[in-house]
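Worksheet for the structure shown next.
The values are calculated or read from the model by the stated rules, or taken from the named source; none is laboratory data. Keep in mind the model is a prediction, meaning the values are calculated, not measured. In this analysis, Cβ positions are derived from the backbone assuming ideal geometry, glycine residues included, and neighbour counts consider all displayed protein chains.
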Amino acid sequence: MSGAAGSHFAKRQRPPSRHELGYLNLDQRIRDKAVSRLLCNSLAHYFEFLNQTSLRGDTSASIRFSDISKRKQINTIKMPKLQFYYAPGACSILPHILLHETGLEFEAIEVTRFDRHSEWLGGYKRINPKMQVPALAIDDEIVTENIAVCTAISNLVPEKHLMGKTPMEIARVYEWLSWLAINLHSGGFAHIFRPYRWSDDEAAHESVKQSALKRIEGIFEAVEERLVGVHAVGGSFTAVEPYLFVFYMWGMEVKFDMKAKFPKYTALVENLVQREAAKAVIRAEGIDGSW
């Protein structure tokens, strides 16, 4: 055998190491599956090359992909089983949208409805002892906390860059998510929705809420000033947009005039809700609103 095709058979290349493939942020089991999937894709491209060479009449590459596939079937590596635990309208909207962005199959499990003060799904405490959403089951592993869940989802499809493309973009995405989680979620809306966490005196709850509203308005103004387009980081979609969407909805819920006061923020949300992933979550969670 001679020519380019012959050189492929003459020199076997070693499989790339896990370090070279760059899956250091994944769980060991998920990482191994991802490596296997890439190796299978590489083999498929190689056999396709042989097939095309044969079709051009190059007798030196007489092995056809169809012939090889009869002897050894190359199966697509099965991705891990994903179960996503959420509450409609809660901060779990963020990873819910990201999961739809991945295109992977997952089971969405509603565990409670905060808007109706419903009971939690029986047995959820075994899934997440903290009794919070979101939670993501990846095979036998449970990941909790929004930013951690988003990271796990992004690592399943690193080619989609859900947490940013470049090292600096990734840093900026985590900067945004951390800032929003601490200041708008815990330091803002949590005081409005659950003032009893900050005071046992029921008479003080209204004061807690009013202070939180002032803080939230100031953060919304900072978001508006920081935005320069319909994407918060770089020139493409990242996890920041769905998180900003959560707080935009909550802002409308507590009667902020979001469209009038925050036009750049509104433009980002209007762009986001046109994505198929966002539409799917809005339908699934029964979210009402005019964007």
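Please work out if SER186 is without any contact (Cβ under 8 Å) to a residue 60 or more places away in the chain, part of a helix (DSSP H, G or I) and either assigned by TED's automatic domain parsing to the domain that holds ALA90 or under 19 Å from ALA90 (Cβ atoms) (or both).
yes
Condition first: touching a Lys or Arg at 6+ places or on another chain (Cβ under 7 Å) and β-branched (Val, Ile, Thr). Can you find one or more residues in region 115-128 that meet it? Walk me through how you get there before you give the answer.
To start, the set of residues in region 115-128 that are touching a Lys or Arg at 6+ places or on another chain (Cβ under 7 Å) comprises none.
Within region 115-128 (the criterion being touching a Lys or Arg at 6+ places or on another chain (Cβ under 7 Å) and β-branched (Val, Ile, Thr)), the answer is no, since none of the residues qualifies.
Can you tell me which residue in region 242-291 is nearest to the chain's Cα centre (by Cα), limited to those that are in a helix (DSSP H, G or I) and of a type in the set (Lys, Arg)?
Pass one, region 242-291, residues in a helix (DSSP H, G or I): 242-253, 258-261, 263-272, 276-285.
Filter once more, keeping what is of a type in the set (Lys, Arg): 259, 261, 264, 279, 283.
Working: LYS259: 26, LYS261: 29, LYS264: 23, LYS279: 15, ARG283: 18 Å.
Result: LYS279.
Quick one: in region 245-291, which of the residues that are touching a residue at least 12 places away in the same chain (Cβ under 8 Å) and of a type in the set (Val, Ile, Thr) is nearest to LEU99 (Cα to Cα)?
VAL281
Since THR166 meets every condition but one in (1) within 27 Å of ALA108 (Cα to Cα); (2) at pLDDT 95 or above, which condition does it not meet?
With (1) within 27 Å of ALA108 (Cα to Cα); (2) at pLDDT 95 or above applied to THR166, the lone miss is (1).
So, in region 127-156, of the ones that are assigned to a loop (DSSP other than H, G, I, E, B) and of a type in the set (A, V, I, L, M), which residue ends up surrounded by the most Cβ atoms within 10 Å (Cβ to Cβ)?
VAL133
Can you name every residue in region 77-129 that is within 18 Å of CYS150 (Cα to Cα) and of a type in the set (Lys, Arg)?
LYS81
Residues being aliphatic (A, V, I, L, M) and out of contact with any helix residue (DSSP H, G or I) (no Cβ under 7 Å at 6 or more places or on another chain): count how many of those fall in region 247-272. Give the steps one after another, and end with the answer.
Step one: list which residues in region 247-272 are aliphatic (A, V, I, L, M), which gives 249, 252, 254, 258, 260, 267-269, 272.
With the extra rule that they be out of contact with any helix residue (DSSP H, G or I) (no Cβ under 7 Å at 6 or more places or on another chain), the set shrinks to 249, 260, 267.
Qualifying residue count, region 247-272: 3.
Looking for whichever is part of a loop (DSSP other than H, G, I, E, B), acidic (Asp, Glu) and loosely packed, with under 13 Cβ neighbours inside 10 Å here; the options are GLU105, GLU159. Which one fits?
Unique residue meeting the criteria: GLU105.
Take the residues of region 225-241 that are in a helix (DSSP H, G or I) and under 14 Å from the mean Cα position of the chain (by Cα): which is nearest to VAL273 (Cα to Cα)? Spell out how you get there, then give the answer.
Initially, region 225-241 is screened for residues in a helix (DSSP H, G or I), giving 225-226, 240-241.
Next, only the ones that are under 14 Å from the mean Cα position of the chain (by Cα) stay: 240-241.
Details: VAL240: 14, GLU241: 10 Å.
It comes out as GLU241.
How about region 240-291: which of its residues are aromatic (Phe, Trp, Tyr) and modelled with pLDDT of 95 or more?
TYR243, PHE245, PHE247, TYR248, TRP250, PHE256, PHE262, TYR265
Taking the stated definitions as given, is GLU175 among the acidic types (Asp, Glu), out of contact with any His (no Cβ under 7 Å at 6 or more places or on another chain) and free of Cβ contacts under 8 Å to residues at least 12 places away in the same chain?
yes
Quick test of your reading of the structure: TYR124 fulfils all but one of (1) under 20 Å from the mean Cα position of the chain (by Cα); (2) of a type in the set (Phe, Trp, Tyr); (3) not assigned by TED's automatic domain parsing to the domain that holds GLU241. Name the failing condition by number.
(1)
Specify the residue that is farthest from ALA190 (Cα to Cα); the eligible residues are those in region 224-243 that are buried (at least 21 other Cβ atoms within 10 Å of the Cβ) and out of contact with any Asp or Glu (no Cβ under 7 Å at 6 or more places or on another chain).
Residues of region 224-243 buried (at least 21 other Cβ atoms within 10 Å of the Cβ): 232-233, 237-243.
Subset that is out of contact with any Asp or Glu (no Cβ under 7 Å at 6 or more places or on another chain): 237-243.
Numbers: PHE237: 27, THR238: 24, ALA239: 21, VAL240: 19, GLU241: 20, PRO242: 18, TYR243: 15 Å.
Going through the qualifying residues, I end up with PHE237.
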